[in-house]
Each structure stands twice: as C-alpha cells, then as structure tokens.
Amino acid sequence: MIRLVHKHHDGAVQINATAVLDFDARQKSRQRIVLDSGGAAGVVLARGTTLSDGDVLTDADRLFFVRIVAAAESLSYVHCVDRLLLNRICYHLGNRHVPLQVHADAVAYRHDHVLDAMVTGLGGRPQFCQCAFHPEPGAYDQHGHGHGHGHGHEHEHEHEHEHEHEHAAAPLPDGSLTRAHG
C-alpha cells in the first residue's frame, strides 16, 4: 500500500490518483483512503494536519501524487436577505456547536431535521443540497480550510406565505440557484 506522507506545495505535478473525502475524513491526519482506481493508500501526515479540497499528497520519494477532492455531503442551506435573521440563525446553530459554512447572505450545515425545524421556527427556510462542506475552522484552529466551488443546475420552487420580503435568485454552495427567503 502506498504511504502518503507529505502535502505537496512545490508547483504542478502529474496527478496519479484522486481520493474523494468528506469533511470528517479531511480532518484526519492518519487513515486508510480509497483511491479512484480502487486501490488503497495510507495517509500518515503530521498530527493535526487537515486536508482541503485540491490538496495534493505524495509519498516519501515524491513519485506518486494524489489530489484530494471534497465529497458532496447532505447539507441544509439557508439563504437569507435579512441579515439580522441570518445572524440569529448562525447564533443558535453555533450555540449548539454545529459546524457552519458561513457566507455573506447564507449559512450551510450538515442536514439534520431537528436543526431544520429550529431554523424554520426562527423564520429561515432550509433547503437540502448535496454539496462539498467547508465549515469555518474553530476560533483556535491554526489550520484554515479552503472554500471550493461546485457545479450545479438551476433550481426553483413554489411556496405560499403571508409575510413580505424580496425574492431574488440565490446560489447554493454547489452553484445552483434557489429563491431567497428572509
């Protein structure tokens, strides 16, 4: 089995394989991963090393290179043009120590029906999506996480409600569009 022991930082290389990892797996510095070829590799990095979408790992001889790809995960995505409401949603999710991917006008978190109900109760409209998850690192985390950009399709939905607000196209983290609420 190939042992991947370094992050490659020295320019372009010929990629030999890719490994698709979810957020939890990208936080582990020592693990067995499956490559796109079906083969396996051992990741043996310095403790505390985290991986981001696009990172390249290599073996000790720097002859074999593996690109890390962030896996699509089940997320709830809340776009909100009302900044106070968005701040309240982030506050309540953060108060529950939920990892959050924060945008200027939206927040994403791992899909959870209980959290979706809480967000809905606050006035938000969570939407399900399958996207790469890039939450904010903790306040004391010295290892920042990159923010990738996905590809998607346009998406709209119908709904009825009694309060007034603007409806504008809003991007999901995967690049598709939804209607704004807030």
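From the list L93, L63, which residue is of a type in the set (A, V, I, L, M) and in a loop (DSSP other than H, G, I, E, B)?
Exactly one of L93, L63 is of a type in the set (A, V, I, L, M) and in a loop (DSSP other than H, G, I, E, B), namely L63.
Pick from L85, L4, L21, L93: which is at pLDDT 95 or above and more than 30 Å from Q127 (Cα to Cα)? Spell out how you get there, then give the answer.
Details: L85 fails: more than 30 Å from Q127 (Cα to Cα); L21 fails: more than 30 Å from Q127 (Cα to Cα); L93 fails: more than 30 Å from Q127 (Cα to Cα).
Matching residue, one of L85, L4, L21, L93: L4.
Say we look at segment 106-133 and pick out the residues that are part of a loop (DSSP other than H, G, I, E, B) and in contact with a helix residue (DSSP H, G or I) (Cβ under 7 Å, 6 or more places away or on another chain); which of these is nearest to Q27 (Cα to Cα)?
This residue is F133.
Name the single residue that is surrounded by the fewest Cβ atoms within 10 Å (Cβ to Cβ) among those in segment 96-134 being polar (S, T, N, Q) and within 26 Å of A70 (Cα to Cα).
Q130
Would you be able to tell me the number of residues in segment 37-50 that are surrounded by fewer than 14 Cβ atoms within 10 Å (Cβ to Cβ) and part of a loop (DSSP other than H, G, I, E, B)?
Residues meeting the conditions: 6.
Return yes when A72 is in contact (Cβ under 8 Å) with a residue 60 or more places away in the chain and either among the small types (G, A, S) or surrounded by fewer than 16 Cβ atoms within 10 Å (Cβ to Cβ) (or both) and no when it is not. Please lay out each step first, then the result.
Numbers: in contact (Cβ under 8 Å) with a residue 60 or more places away in the chain: yes; either among the small types (G, A, S) or surrounded by fewer than 16 Cβ atoms within 10 Å (Cβ to Cβ) (or both): yes.
It is true that A72 is in contact (Cβ under 8 Å) with a residue 60 or more places away in the chain and either among the small types (G, A, S) or surrounded by fewer than 16 Cβ atoms within 10 Å (Cβ to Cβ) (or both).
Only one of these conditions is not met by G152: (1) modelled with pLDDT of 50 or more; (2) over 19 Å from Q27 (Cα atoms); (3) in contact with a strand residue (DSSP E or B) (Cβ under 9 Å, 6 or more places away or on another chain). Which number is it?
G152 satisfies all of (1) modelled with pLDDT of 50 or more; (2) over 19 Å from Q27 (Cα atoms); (3) in contact with a strand residue (DSSP E or B) (Cβ under 9 Å, 6 or more places away or on another chain) except (1).
Quick test of your reading of the structure: D53 fulfils all but one of (1) farther than 18 Å from H6 by Cα; (2) in contact with a strand residue (DSSP E or B) (Cβ under 7 Å, 6 or more places away or on another chain); (3) part of a loop (DSSP other than H, G, I, E, B). Name the failing condition by number.
The failed condition is (1).
Checking the conditions here, which among V56, V66 is buried (at least 17 other Cβ atoms within 10 Å of the Cβ) and touching a residue at least 60 places away in the same chain (Cβ under 8 Å)?
V66
The values are calculated or read from the model by the stated rules, or taken from the named source; none is laboratory data. The model shown is predicted, which means the values in this text are computed figures rather than measured ones. Please note: Cβ atoms are built from the backbone with ideal geometry, for glycine as well, and neighbour counts cover all protein chains shown.
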